[in-house]
1. Just wondering, is there one or more residues in region 219-239 that are among the aromatic types (Phe, Trp, Tyr), within 19 Å of Leu292 (Cα to Cα) and modelled with pLDDT of 95 or more?
2. What number of residues in region 166-218 are open to solvent by 50 Å² or more (accessible area, probe 1.4 Å), within 20 Å of Cys279 (Cβ to Cβ) and at pLDDT 95 or above?
3. Quick check: anything in region 224-246 touching a strand residue (DSSP E or B) at 6+ places or on another chain (Cβ under 6 Å) and buried (at least 24 other Cβ atoms within 10 Å of the Cβ)?
4. Being more than 20 Å from Thr331 (Cα to Cα), open to solvent by 30 Å² or more (accessible area, probe 1.4 Å) and touching a Phe, Trp or Tyr at 6+ places or on another chain (Cβ under 7 Å) is the filter here; which residues of region 269-289 pass it?
5. Consider only pairs whose beta carbons are under 6 Å apart and that are at least six residues apart or on different chains; among these, list those whose first residue lies in region 98-109 and is under 16 Å from Ala142 (Cβ atoms) and whose second residue is assigned to a strand (DSSP E or B).
6. Out of the residues in region 371-387 that are more than 14 Å from Ala351 (Cβ to Cβ) and not β-branched (Val, Ile, Thr), which is surrounded by the most Cβ atoms within 10 Å (Cβ to Cβ)?
7. Against the condition of a type in the set (Lys, Arg) and at pLDDT below 95, how does Lys326 come out, does it pass?
8. Among the residues of region 323-343, which ones are in a helix (DSSP H, G or I) and open to solvent by 50 Å² or more (accessible area, probe 1.4 Å)?
Amino acid sequence: MLVERMTNNLSSPTIFTRKYRSLSKEEAAKNAEEIEDAAFTIANQHYEKEPDGDGSSAVQLYARECSKLILEILKKIPKSEDKEISISEVVPTVQETFFDISKGKRAFIEVEEAQELLKPLKEPGNSYSKICFSNRSFGIDAARIAGPILAALKDQLKEVDLSDFVAGRNEAEALDVMNIFSEALEGSNLKFLNLSDNALGEKGVRAFGKLLQSQTNLEELFLMNDGISQEAANAVSELVPSTEKLKVLHFHNNMTGDEGAVAIAEIVKRSPLLEDFRCSSTRVGSEGGSVLCEALGMCSHLKKLDLRDNMFGPEVGLVLCKALSKHENLTEIYLSYLNLEDEGAIAIANALKDAAPSLAVLEMAGNDITVEAASAIASCIAAKQLLAKLSLGENELKDEGAIQIAKALEGHSHLIEIDMSSNALRRAGARVLAQTVLHKDEFKLLNVNGNFISEEGVDELKEIFKKSPEMLASLEDNDPEGEDEDDGEDEGKDVEDELESKLKNLDVKQEASLDTPDSN
């Protein structure tokens, strides 16, 4: 569509074609395609430099480049009818900087294919600074083809992705391949390195030793799903001595354990510029969690923290709260499935209340949080006016807690998603949550599935969202007959309405815990 419009702009009568002359349809179509390609390449390179943006600036640049190149083409049209104008006369050739073989089928790469695939990297004067070999499995023969090519290229490389590049190989061959790549890239000056999904273990980490030890300006390091055990974590700490510029460090889905967490904590302590830290699903318990959280207190630039799915316990929450109180730049916090319980949750909520003013994401699902912690959580949430996503699913907040949290969210105009699934909610809590989010302009999804909402309550929710049913998540796991042992027999609509009326008038900013309202 855009190429067609540019073709018309180059060939049809306009204020510019009248001034500079127009092209024939054939010439215009050819130049329009070249303009689109050149503008896209420039905009894409701009976007790669700002990966955390929403792409709007790249789109604007793309449009400006198209307009500029159309005008340049028209200005260059020769007066003679015999000479054609080419886009190459208007804009210099934009060279590719990103070489990526990860697209397509996940498969072994043989010698002949490696020779053909890697040809562009051998071209004299190429500008590749970013390579991705992920999703293709290199054997020893293919690695011997790639090694010399990478060695010749390493001085211009800034980003290297070798995730999932030895899949299906036996251990001995995989380690030989890693050694070849490590030696080839030794001495490069990388900012980004991804070695995830390679089942490294300690042997694999040490196979990459020459590469890791030679890095002095690394800003992003990914070691996810790599079998990072205690020994492997110690090896990483030993072999990555220079982390002063490190901003992103991810250790997701490893078997690190407490002692491994202590080694990771040492890396964190040496990373004062760290902005994005992930140590989720790493089997870390209270001892290692405490050491790790204490180390996080030294990272004053932290923006994103993900510690989900570990065995911390409430005692780690008390340590973590001290670290969080120092982080003014935090925008995303993921603390689900940490066994925090009320004690840990209250400590963290109180710490966050006066910190992280720009917090946009807060996840604390699956932590055995009850209504006892609702007041502290509500007070924290009330102070976070930029909050976009709140996840408190799989806790025990019940109606009383849900209504306090709903009240805290009343003035939040940036809210997009709330998860209060599996919280023993009934009709009153679900209704107040629905009424709170219904008219928020940016809101997209309320999840109250897996609760004990009556059939009448479900009908009421559907009626509330009848004009925008996509805003209400599925209720297929709701149990209208469900009740827990503390509820007794008096769960009627009148009791729910009384509870809702009382709780909606509570001041969520108060510090003290609330007494449970009398439901008689």
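The values are calculated or read from the model by the stated rules, or taken from the named source; none is laboratory data. Quick caveat, the model's predicted, so the values are computed rather than measured. No Cβ is skipped: glycine too gets one built from the backbone with ideal geometry, and neighbour counts run over all protein chains shown. Quick note on the areas: whole protein, heavy atoms, side chains included, nothing else; ligands and nucleic acids left out. Shrake-Rupley method; radii C 1.70, N 1.55, O 1.52, S 1.80 Å.
1. From region 219-239, those among the aromatic types (Phe, Trp, Tyr) are 222; that's our starting set.
Still in the running and within 19 Å of Leu292 (Cα to Cα): 222.
Those still in the list that are modelled with pLDDT of 95 or more too: 222.
Yes, there is a match, as at least one residue in region 219-239 is among the aromatic types (Phe, Trp, Tyr), within 19 Å of Leu292 (Cα to Cα) and modelled with pLDDT of 95 or more.
2. 2
3. Within region 224-246 (the criterion being touching a strand residue (DSSP E or B) at 6+ places or on another chain (Cβ under 6 Å) and buried (at least 24 other Cβ atoms within 10 Å of the Cβ)), the answer is no, since none of the residues qualifies.
4. First, pick out the residues of region 269-289 that are more than 20 Å from Thr331 (Cα to Cα): 269-270, 281-289.
Among the residues that remain, those that are also open to solvent by 30 Å² or more (accessible area, probe 1.4 Å) are: 269-270, 283, 286-287.
Residue satisfying the conditions is Ser286 alone.
5. Phe99/Ile131; Ile101/Arg136; Ser102/Cys132; Phe108/Ser137; Ile109/Arg136; Ile109/Phe138
6. To start, the set of residues in region 371-387 that are more than 14 Å from Ala351 (Cβ to Cβ) comprises 371-372, 374-375, 378, 382, 385-387.
Of the ones still in play, those that are also not β-branched (Val, Ile, Thr) are 372, 374-375, 378, 382, 385-387.
On the way: Glu372: 18, Ala374: 30, Ser375: 25, Ala378: 24, Ala382: 21, Gln385: 14, Leu386: 15, Leu387: 23.
The residue in question is Ala374.
7. Numbers: of a type in the set (Lys, Arg): yes; at pLDDT below 95: yes.
Taking the combined requirement at face value, the residue satisfies it.
8. The first filter runs over region 323-343 and keeps only residues in a helix (DSSP H, G or I), leaving 323-324, 341-343.
Scanning region 323-343 gives Glu341, Glu343.
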